[in-house]
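To keep things clear, I will list the structure first and then write my remarks on it.
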Amino acid sequence: MRIAIPKETHPGENRVPIIPDHAKKLCRLGATVTVEAGIGAGSGFSDAEYEDAGASVSSHREELFGSADILLRLRKPELDEIKMMQRGCIHISYLDPFNEHELIRGFQAQGVTAISMEMIPRTTRSQKMDALSSQANLAGYVMVMQAATYLPRIFPMMMTPAGTLKPANVFVIGAGVAGLQAIATAKRLGAKVTAFDTRPVVAEQVQSLGAKFLEIDLGETGETAGGYARELTAEQVEIQRQAQKELIAKSDVVITTAQVFGRKPPVLVTKDMIEGMAPGSVIVDMAAETGGNVEGSVPNEVAEWSGVTIIGKGNLAGEVARDASQMYSSNLFNLVEDNWHEEQNIFAVDFDDDILPGCIITHAGDVVNETIKNILEGGA
Ligand code: NAD
């Protein structure tokens, strides 16, 4: 099978879908691998490294799309790119399938098998393919680095002949994969960390990292069978906001990572809460690009409200592009290897597999993912 890996074209995207080490492993599986020239420039991988790994390097983007049996990518494609693909081609990338209806229809019309990295079921066996987790983990680290850069204070306590500096107070809202890494990173830097999440099971994980868990009685919250948070009612959101207000006012740094899978993130930090914070404090809103957990956060910008810095930069994992590439590439390679049929030397699209059917959105001219199909039929 011919596997093609085109260059990412989104402005500022320095990650690559496949690093040379995994290109080598794909060749070992029996695939013919071609990458677009200059693919690794932003993350420090040269064309020569891909060639040494056994891949070919091509400058003909259109030909790359048109001849591929499998396209391995990071970001969703442009509609025009889908039109270049052959029928039966397998395209694997992030797809944002809940929102990208036109794109899904495009894949369907072109007869492409579109696999969405964000829809990989989060089971124990699929952890090695879970790009949401690998990238969120790095995002958690990056958010703390950004906060530390903008905060006019240090994180640890420092006792010196010139006086004692108190540790910074950090409040993390949402303690999933990114939030837990943010907690761990802020703790390593010596901050006093408190966190809150609507899933009660998280309290113990927060405490095991040495942070405090803020107790808020929201009544019934729980989590879905897939381990995701349920959306709160408007009343519950209001209770949460009021219960957090005092702690936010005392925090030097607030990091928000609250997401509800497939929904708009809840607004949890409002302008009146920001006005209660000391000038110079910093908020990092991980959800800025998708609607925001924080009022006044601007996607991809550093904003200010009432003397408080609000960081809304997207593509957080992309800030550490080399490590993010290595982890994403590993997720992608593991997905391909897991579905590789050795005898036939092909990627087998097997609807009886325990992982694959969950993340296939379109196949052979149909939308095959039931959740996405319902959304398309309801919303189209
Ligand atoms: P996510 O990005 O969907 O959400 C981030 C966090 O926000 C979650 O912890 C969620 O509970 C929280 N949240 C939602 N509404 C909130 C609110 N109003 N206030 C505060 N917090 C709120 O989640 P994620 O990081 O992708 O992880 C979701 C779950 O999946 C976690 O339990 C994680 O451990 C689990 N998981 C399991 C596996 C596996 O078993 N293979 C892999 C990855 C993640």
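Would you call ARG75 under 14 Å from the mean Cα position of the chain (by Cα) and modelled with pLDDT under 95? Criteria not met by ARG75. Residues in region 256-275 that are over 24 Å from GLU118 (Cβ atoms) and not in a helix (DSSP H, G or I): VAL269, THR270.
Please verify whether LYS187 is away from the ligand (no atom under 15 Å from the Cβ), of a type in the set (D, E, K, R) and more than 23 Å from the chain's Cα centre (by Cα), treating the condition exactly as stated.
no
Is region 105-115 home to any residue that is away from the ligand (no atom under 14 Å from the Cβ) and assigned to a loop (DSSP other than H, G, I, E, B)? Yes; the residues of region 105-115 include at least one that is away from the ligand (no atom under 14 Å from the Cβ) and assigned to a loop (DSSP other than H, G, I, E, B). Condition test on SER134, is it polar (S, T, N, Q), over 20 Å from TRP340 (Cα atoms) and either in contact with a Gly (Cβ under 7 Å, 6 or more places away or on another chain) or within 16 Å of the ligand (Cβ to nearest atom) (or both)? Here the answer is yes, as SER134 does meet what is asked.
Checking every residue in region 199-213 against the condition of being in contact with a Phe, Trp or Tyr (Cβ under 9 Å, 6 or more places away or on another chain), without any contact (Cβ under 8 Å) to a residue 24 or more places away in the chain and away from the ligand (no atom under 13 Å from the Cβ) gives at least one match. Among the conditions (1) within 13 Å of the ligand (Cβ to nearest atom); (2) in contact with a helix residue (DSSP H, G or I) (Cβ under 8 Å, 6 or more places away or on another chain); (3) part of a loop (DSSP other than H, G, I, E, B); (4) in contact (Cβ under 8 Å) with a residue 24 or more places away in the chain, the only one that LEU218 does not satisfy is (4). Checking ALA203, ALA234, ALA229 one by one, the residue that is surrounded by fewer than 20 Cβ atoms within 10 Å (Cβ to Cβ), at pLDDT below 95, hydrophobic (A, V, I, L, M, F, W, C) and over 21 Å from ALA278 (Cα atoms) is ALA234 and no other. Only a single criterion out of (1) out of contact with any Gly (no Cβ under 7 Å at 6 or more places or on another chain); (2) within 16 Å of the ligand (Cβ to nearest atom); (3) hydroxyl-bearing (Ser, Thr, Tyr) is not satisfied by THR256, namely (1). Within region 243-260, residues that are in contact (Cβ under 8 Å) with a residue 40 or more places away in the chain and within 20 Å of PRO279 (Cβ to Cβ) have Cβ atoms under 7 Å from residues that are part of a helix (DSSP H, G or I) and within 15 Å of the ligand (Cβ to nearest atom) in these pairs: ILE248/MET273; VAL254/ILE248; ILE255/MET143; ILE255/ALA182, counting only partners at least 6 apart in sequence or on another chain. Here ILE120, ILE154, ILE115 are screened, and the one residue that is touching a Ser or Thr at 6+ places or on another chain (Cβ under 6 Å) and among the hydrophobic types (A, V, I, L, M, F, W, C) is ILE120. The condition (being under 25 Å from VAL172 (Cβ atoms), at pLDDT 95 or above, acidic (Asp, Glu) and crowded, with 17+ Cβ neighbours inside 10 Å) is satisfied by just one residue among ASP272, ASP252, ASP323: ASP252.
The values are calculated or read from the model by the stated rules, or taken from the named source; none is laboratory data. Note that this is a predicted model, so its numbers are computed, not measured. Positions of Cβ are backbone-derived with ideal geometry, glycine not excepted, and every protein chain shown enters the neighbour counts.
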